[in-house]
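The values are calculated or read from the model by the stated rules, or taken from the named source; none is laboratory data. What you see is a predicted model, and the numbers here were worked out from it, not measured in a lab. Here the Cβ positions follow ideal geometry from the backbone for every residue, glycine too, while neighbour counts run over all protein chains shown.
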Amino acid sequence: MIDFILSNPLLIAGVLAAGFAAGFAGGLFGIGGGIITVPALYAVFTTIGIGEAQSLKTAIGTSLGVIIVTSIRALMTHHRAGHVDGEILRAWAPWIALGAAGGGLVAKWAPVELLTIVFAGGALYIAWKRLVGGKKKPNTSGQLLSKRVKIPIGVGTGFFSSMMGLGGGAVGVMVMTMSGRAIHQAIATAAGFGVAVAGPGVVGFILAGRGAAALPPGSVGYFNLPAFAAMALMAGIAAPLGALMAHRVRGELLSKLFGTYVLIAAIGLVLDVFVS
């Protein structure tokens with residue numbers, strides 16, 4: 001790995017830049033930044049000759065580790081600004097964590113094409129809801145604390161977010177805004193979902209990758225330590241900056257930016273896996 005770093009400075013610079021961008025986007029949109037880190041890491045691993053399936057699964061597992069750092073840093077900044085709904089965060093977190101653990105373990109048997117379809121399908125739907133929008137719905141956010149909402153949506157959010165290497169915020173922001181919450185509060189609260197997803201998700205990917213052959217150098221299961229260290233450092237610096245920016249952008253524009261960001265990332269990963 002050291003030889004690779006010394007001989008590929010531009011690629012390493014790309015990893016650092018992606019980590020910074022992911023941290024900033026995670027703070028700005030409350031989604032952990034996985035939509036940036038997964039495609040970036042996948043591109044790096046395939047460039048050094050790792051197979052597509054092992055590259056994507058390791059990219060997802062490593063991305064989840066970066067999300068822990070991004071989420072904690074962003075959540076602290078949002079909390080100081082008074083935008084975080086701690087009641088929703090506490091009610092959803094255990095169910096998100098349960099789903100995330102299952103998603104990490106299932107990833108062992110999931111083909112690369114399935115993971116890509118799940119990632120892109122969810123991302124495209126979220127982008128469509130943000131960009132197209134619709135009629136404003138009445139505030140039903142009180143239902144978010146009921147068992148019939150928080151358990152299935154929490155488990156589902158954790159499961160699919162873990163499999164895609166996301167922080168859970170993409171789904172969380174969509175559900176909360178559809179229930180009538182302001183975009184700023186939804187983003188701030190969803191930033192905390194990343195820890196609930198990423199912690200058990202990382203463990204699941206490490207266990208799922210035990211004994212796997214031809215992994216990127218420095219990997220423990222489907223988790224790459226050097227890539228995590230580089231990206232987490234930059235993400236930790238950038239996440240509070242993104243969170244501060246979110247507080248200054250008006251809600252409608254922030255919603256449109258969120259949708260555009262998700263759309264571009266989804267299209268990029270689909271082209272990388274199915275076209276290249």
ask   = Out of segment 157-168, which residues are modelled with pLDDT of 75 or more and either hydroxyl-bearing (Ser, Thr, Tyr) or within 11 Å of residue 35 (Cα to Cα) (or both)?
value = 157, 161, 162
query = Exactly one of (1) closer than 24 Å to residue 227 by Cβ; (2) in a helix (DSSP H, G or I); (3) not hydroxyl-bearing (Ser, Thr, Tyr) is unmet by residue 110. Its number?
reply = (2)
query = When the residues of segment 255-276 are filtered to those that are modelled with pLDDT of 80 or more and not β-branched (Val, Ile, Thr), which remaining residue is nearest to residue 57 (Cα to Cα)?
reply = 263
task = List every residue pair whose Cβ atoms sit under 6 Å apart, with the two residues 6 or more apart in sequence or on different chains, where the first one lies in segment 187-212 and is without any contact (Cβ under 8 Å) to a residue 60 or more places away in the chain and the second, anywhere, is buried (at least 22 other Cβ atoms within 10 Å of the Cβ) and assigned to a loop (DSSP other than H, G, I, E, B).
result = 210/221
key: Evaluation of residue 18 against (1) of a type outside the set (Val, Ile, Thr); (2) surrounded by fewer than 24 Cβ atoms within 10 Å (Cβ to Cβ); (3) under 21 Å from residue 218 (Cβ atoms) (one fails), failing number   = (2)
task = With the condition kept exactly as written, say whether any residue in segment 205-217 is buried (at least 24 other Cβ atoms within 10 Å of the Cβ), over 18 Å from residue 77 (Cβ atoms) and in contact with a Pro (Cβ under 8 Å, 6 or more places away or on another chain).
result = no
key: Residues (within 15 Å of the chain's Cα centre (by Cα) and closer than 17 Å to residue 59 by Cβ) located in segment 187-220   = 194, 197, 198, 201, 202, 205
inquiry  = Looking at segment 232-254, can you tell me whether even one residue there is modelled with pLDDT under 85, small (Gly, Ala, Ser) and over 20 Å from the mean Cα position of the chain (by Cα)?
reply    = yes
key: Subset of segment 64-82 [in contact (Cβ under 8 Å) with a residue 60 or more places away in the chain and surrounded by fewer than 21 Cβ atoms within 10 Å (Cβ to Cβ)]   = 72, 76, 79, 81
Residue 142, sole failed condition from (1) within 17 Å of the chain's Cα centre (by Cα); (2) modelled with pLDDT under 80; (3) closer than 20 Å to residue 181 by Cα = (1)
key: Hey, residue 173 at pLDDT below 85 and within 21 Å of residue 97 (Cα to Cα) or not   = yes
ask   = What single numbered condition from (1) assigned to a loop (DSSP other than H, G, I, E, B); (2) aliphatic (A, V, I, L, M); (3) surrounded by 21 or more Cβ atoms within 10 Å (Cβ to Cβ) fails to hold for residue 232?
value = (1)
key: Unique residue being modelled with pLDDT of 75 or more and more than 28 Å from residue 230 (Cβ to Cβ) when the list is 101, 91, 97, 74   = 91
note = Of all helices (runs of 4 or more DSSP H) fully inside segment 1-104, the set with 1 or more residues that are closer than 19 Å to residue 246 by Cα and over 17 Å from the mean Cα position of the chain (by Cα) is 52-80
